[in-house]
Amino acid sequence: MGKTKSVFFHKDLLNIIKKNAWNNAEARNSLTEKAAPWLHMSDDQLWNLVFSSSIKRAYHVLSDGYCPSCRCEVPLFNWIIDVWNRPYKVQCPGCKEFFPKNDFYAFYQSGIDKNGQFNYDIADRSLLINQEARSPDEIRFGVDDGNGYSRDGRTWMFIAYYMLFGHWTRLVIDGIKNLAKAYAATGYPVYARKACILLDRVADVYPDFDFMTQGIMYDLKNVDHGYVSYWFVSCLEVRDLAIAYDMIFDAVKNDRHLVSFLKQKSVESSYPVTKDSFEKIQENIETRIFRDALRNSHKIKSNVPQTDITRCMVETVLEWPNNKEKIMEQIASITHHTTAVDGTTGEKGLVVYGSHAVWGYSNFIWYYENMQPGFIEELLKIHPIIKDSYRFFIDTWCLQKYYPRIGDTGAFAQPDTEYAVLYYSKDYYKHSYLDPSIETVLWKMYEITHDPDFAKIIYISNGYTAKGAFRLDITRPNLCKAENALEEVIRCSGYYLEQKSVNKENWRLALLHSGEAEYKRAVWLHYDSGGYHGHHDGLTAGFYAKGLDLMPDFGYPPVHLGWDYGRNPKFAWYRSTAAHNTVSVDWNDHAAHAKFQSEMGKILMWSIGKTFKAISAACPEAIGENRFERTLLLSDISVEDCYLIDVFRLEGGSEHVKFMRTTFGKIIEHPFHLTEFDGSKWDRYGCLRNFKSDIPFEDHWYVTWEIDDSYYRMHEGDVPVYLKYTDLSGPSTVILCESWVDLWRGKKDSKETDRMEDWIPTLITKKTGSNGFRSVFASVIEPFEGRSNIHSVKRYAVSDAEGKNSENNIAIEILLENNLKDYIVISDQENGSGQNRQALFSVPFWKLETDARICIVRSKATIEGTSESLEPVCITIMDGSYVTMKNLKVKCFGRANLIEVHMSDGKLDCKIDSPDGNTEMPVEITY
């Protein structure tokens, strides 16, 4: 049984839309003005907009290319298209020259056959000349017949790029969408009729399009499936066409003028079917666009869950309510796959592929909520994990400014000032009136769960205001009511997110959040390697403080320089281990998996106190099942300041190489006597340069960077920010060099052609030994403004129960400028075996003994040797039961994940987190 009525845009919803549009001049004018160019076209002009599959389409002019006239870099999508004023032309953003130089439209018109399709065999090739030529030598310069302009071994696909991103996207697809929306907002049938003319003409030729055989992707043929465009775009376009069709269906099913015109065109073009009834038009559209896509899933096979969403929505548009049971099963399956890994699909590329999946799912459920009010609430009852999808991108939004650059995602040190899921609707796809409203979905989540963070992300991403937050969603009966309610939430709860430290165990991502409001800081650890769109990045870490990304990952590989590894070694560089803040064995890349759900990596310890927070994780699979562990301890110094302790333990190979980089800036202080040397043997990708080294250091040393925030300007305040890295690793070789980073992807205006790259100061610490040796890297990392908050850092020997010292056990004494001193022990409980030994450890110099994995005693500072007693301020025991030090004793009758004791004004505050959840375990405290 064929479609009989509109489903998503049913009569009641259209009445709400028309009423809101009538009362909202901005919405009404926006929708009608966008549709105006097509409204003013004749029906014949609309029909003739659709071209045939004989015209190639290209996703880029020249992906890693330049302008053949001025030779400035013009990669990927930087060519300018203006379909209304300069049709069949693309413009260089540098010299402003237009290409191709021939009149392609005249050539195209000369090749139109009796069926209204372009045929190269009958086109007039005498028209293929440079109309701007000033000499015979220039007569072929910049000429493109649709197969590209070739010179010096490169081919510029000017017309193929224009036909895809200009003609198809901006004239055909946008025409259908804008006309359908204008109809929904006004109820004027002429908009629906013209949209249907375009839809029907697309249906005439749609099955003939095959991007695999007709398209060019990254300058290569036979690369990707799809229709007019490649699979990712085709998947979204089929969905958009289905929505537009549903939007206008009730208006066109009885339109005699539509039938009369399309009958005439079917006769004139010798179409196999004479379209003398709406049923034949309907069959043409539904069979040749939508059912063809359902039969040829490979042409719309996209990232999870996009393909299944498109299939589900198309089947809903065509057959609802007869297929209701099937659709509800599909929705359950889509929800399961979208939320399978901590509320995400598990695909890496956190704020590209990860958040895009939730964006697509949000659009999806928005349509069904409009179709059946209350749908989201019922869905959440069945699948409560849905809220985790949205919480995931709240919990990982560090400082409300950054997301971890894990996998193919974003640009080097690039800020994220909007909630990741909203970024796609606001900036990437630029949602407008009658596009799905993620804000509405988030508000529904707030209303159902009462979690104020769901409201706050709407407010933050709307420029820290409630006004206009829901203005684009004219499907809602009362927009002002939601806006006022949002304002009230912010008044009561503020706009800073309530973020706790979280371990996304299935995604293999842990985050330590600390600080409040503008003094927030965060540390993340990715205890995995690889995954879909992942990198060779086992145990990579990041650090945010002072409003800055202080240990940035590089982000998305520079595909604008070439997609394939052979042509673009920088692509491989971005995914390599050496391009991440981690450790490599023998300069090799980490092993990486290719799954949604990782089987690599595990947490060894997770302990979250008020002042000290720590994570320890292992990923032995990354380096051949040898020991590979990292421990991060985030310490608050004050409300404003903090430091981070970073400990690596690993085994295998004969060289262990640790990479450390910060954001834009320069190294201003170090104790080295550097000598230049040839490091080319380590530079596999041409992305490391200016190698300098010193003789191996036996003792601790430091490097201080001065941060340059002039590129993104994210630090608030005039005092310079510095990052001091103090190394306590023992004997090691220190190398300073520079690493190449791409800046093109982070540009807000893709037409910018200046400063496309940079070289970032890089610190490499190298340890060597016989094959299979063990090593430990230990460091203290402190961000500060103006002056350091740390007076001194020292490392001491740690003895085990047998009185033996091992470099695997770390004892660090940090004297703070606020007259406090931290005594920190990070013991080796695993010893590489994976079994917790629960041994005893002592630091003789401090007279300290503990059984904890991590133990911190913070006390008031005294002159060494002048006192046998401590004035403790805070004691933290992580994965242990006791510590004794001089006059201090803290003993819990049972091992706990966390024992935290604060002393203030003679009062004790004790917090316990035990493995069995018991918070009332007896604790003996004397001092």
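Observations on the structure shown:
- Those strands (runs of 3 or more DSSP E) lying entirely in the range 600-687 with at least 3 residues small (Gly, Ala, Ser) and within 27 Å of the chain's Cα centre (by Cα): 612-618
- Taking the conditions (1) out of contact with any Gly (no Cβ under 6 Å at 6 or more places or on another chain); (2) surrounded by fewer than 17 Cβ atoms within 10 Å (Cβ to Cβ) in turn, CYS72 satisfies each one other than (1).
- Boolean, PHE249 is part of a helix (DSSP H, G or I), under 27 Å from the mean Cα position of the chain (by Cα) and modelled with pLDDT of 95 or more: no
- Put simply, of VAL228, VAL223, VAL233 the only residue that is within 15 Å of LYS299 (Cα to Cα), touching a residue at least 24 places away in the same chain (Cβ under 8 Å) and touching a strand residue (DSSP E or B) at 6+ places or on another chain (Cβ under 9 Å) is VAL228.
- Condition check for MET714 on (1) farther than 26 Å from SER576 by Cα; (2) among the hydrophobic types (A, V, I, L, M, F, W, C); (3) assigned to a strand (DSSP E or B): one failure, at (3).
- Condition met for SER514 (surrounded by fewer than 23 Cβ atoms within 10 Å (Cβ to Cβ), among the polar types (S, T, N, Q) and under 20 Å from ILE460 (Cβ atoms)): yes
- Residue match in the range 464-483 (condition: basic (Lys, Arg) and assigned to a strand (DSSP E or B)): no
- Annotation: HIS536 fulfils all but one of (1) assigned to a loop (DSSP other than H, G, I, E, B); (2) in contact (Cβ under 8 Å) with a residue 12 or more places away in the chain; (3) under 25 Å from the mean Cα position of the chain (by Cα); (4) outside the structural domain of ARG575 (by TED's automatic domain parsing); the unmet one is (4).
- Set LEU46, LEU31: member being touching a residue at least 60 places away in the same chain (Cβ under 8 Å), surrounded by 22 or more Cβ atoms within 10 Å (Cβ to Cβ), closer than 20 Å to VAL228 by Cβ and not β-branched (Val, Ile, Thr): LEU46
- Residue in the range 207-218 that is at pLDDT 95 or above and among the aromatic types (Phe, Trp, Tyr) present: yes
- Across the range 716-729, the number of residues qualifying as closer than 30 Å to LEU650 by Cβ and either touching a Leu at 6+ places or on another chain (Cβ under 6 Å) or surrounded by fewer than 17 Cβ atoms within 10 Å (Cβ to Cβ) (or both) comes to 1.
- Check on GLU849, outside any loop (DSSP other than H, G, I, E, B), at pLDDT 95 or above, charged (D, E, K, R) and more than 18 Å from LEU632 (Cα to Cα): yes
- When each of TYR424, TYR428 is tested for being at pLDDT below 95, aromatic (Phe, Trp, Tyr), buried (at least 22 other Cβ atoms within 10 Å of the Cβ) and out of contact with any strand residue (DSSP E or B) (no Cβ under 7 Å at 6 or more places or on another chain), the lone residue that passes is TYR424.
- Of the listed requirements (1) surrounded by fewer than 21 Cβ atoms within 10 Å (Cβ to Cβ); (2) on the phi < 0 side of the Ramachandran plot, GLY374 misses just one: (2).
- Residue ID - nearest to the chain's Cα centre (by Cα), chosen from residues in the range 76-131 that are of a type in the set (Gly, Ala, Ser) and part of a helix (DSSP H, G or I): ALA106
Let's see how each residue does on (1) out of contact with any strand residue (DSSP E or B) (no Cβ under 9 Å at 6 or more places or on another chain); (2) under 20 Å from SER827 (Cβ atoms); (3) surrounded by fewer than 18 Cβ atoms within 10 Å (Cβ to Cβ):
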| residue | (1), (2), (3) |
| --- | --- |
| ILE856 | no, yes, no |
| TYR882 | no, yes, no |
| GLY894 | no, yes, yes |
| GLU900 | no, yes, no |
| LYS911 | no, no, yes |
| GLU920 | no, no, yes |
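For every residue, the table says whether it meets (1) more than 20 Å from SER729 (Cβ to Cβ); (2) hydroxyl-bearing (Ser, Thr, Tyr); (3) buried (at least 24 other Cβ atoms within 10 Å of the Cβ); (4) in contact with a Pro (Cβ under 6 Å, 6 or more places away or on another chain).
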{"site": "VAL583", "(1), (2), (3), (4)": "no, no, yes, no"}
{"site": "MET600", "(1), (2), (3), (4)": "yes, no, no, no"}
{"site": "ILE608", "(1), (2), (3), (4)": "yes, no, no, no"}
{"site": "ALA614", "(1), (2), (3), (4)": "no, no, yes, no"}
{"site": "ASP636", "(1), (2), (3), (4)": "yes, no, no, no"}
{"site": "GLU651", "(1), (2), (3), (4)": "no, no, no, no"}
{"site": "MET660", "(1), (2), (3), (4)": "no, no, no, no"}
{"site": "SER680", "(1), (2), (3), (4)": "yes, yes, no, no"}
{"site": "ASP694", "(1), (2), (3), (4)": "no, no, no, no"}
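- Counting the residues of the range 297-320 that are more than 21 Å from the chain's Cα centre (by Cα) and either in contact (Cβ under 8 Å) with a residue 24 or more places away in the chain or at positive phi (or both) gives 13.
- For the range 252-279, the tally of residues that are in a helix (DSSP H, G or I) and either acidic (Asp, Glu) or crowded, with 17+ Cβ neighbours inside 10 Å (or both) stands at 11.
- Hey, LYS194 under 35 Å from the mean Cα position of the chain (by Cα) and of a type outside the set (Val, Ile, Thr) or not: no
- Residue that is surrounded by the most Cβ atoms within 10 Å (Cβ to Cβ) [pool: residues in the range 696-711 that are part of a strand (DSSP E or B) and modelled with pLDDT of 95 or more]: TRP705
- Restricting the range 91-130 to residues that are among the aliphatic types (A, V, I, L, M) and within 15 Å of PHE141 (Cβ to Cβ) leaves a set whose member that is surrounded by the fewest Cβ atoms within 10 Å (Cβ to Cβ) is ILE129.
- Out of GLU33, GLU73, GLU97, sole residue that is closer than 24 Å to MET217 by Cβ and among the acidic types (Asp, Glu): GLU73
- Filter pass, PHE543 being crowded, with 23+ Cβ neighbours inside 10 Å and under 30 Å from VAL61 (Cα atoms): no
- When restricted to residues that are surrounded by fewer than 24 Cβ atoms within 10 Å (Cβ to Cβ) and assigned to a helix (DSSP H, G or I), the range 207-237 contains 9.
- Complete set of residues in the range 284-304 that are part of a helix (DSSP H, G or I) and among the polar types (S, T, N, Q): ASN284, THR287, SER297
- Meets criteria (touching a residue at least 60 places away in the same chain (Cβ under 8 Å), crowded, with 21+ Cβ neighbours inside 10 Å, under 17 Å from GLY142 (Cα atoms) and among the aromatic types (Phe, Trp, Tyr)) for TYR59: no
- One residue from VAL358, VAL314 being touching a Ser or Thr at 6+ places or on another chain (Cβ under 8 Å) and either surrounded by 17 or more Cβ atoms within 10 Å (Cβ to Cβ) or outside any helix (DSSP H, G or I) (or both): VAL358
The values are calculated or read from the model by the stated rules, or taken from the named source; none is laboratory data. Predicted model only: the values in this text are computed from it and were never measured. With ideal geometry, Cβ positions are generated from the backbone for all residues, glycine too; neighbour counts draw on all protein chains shown.
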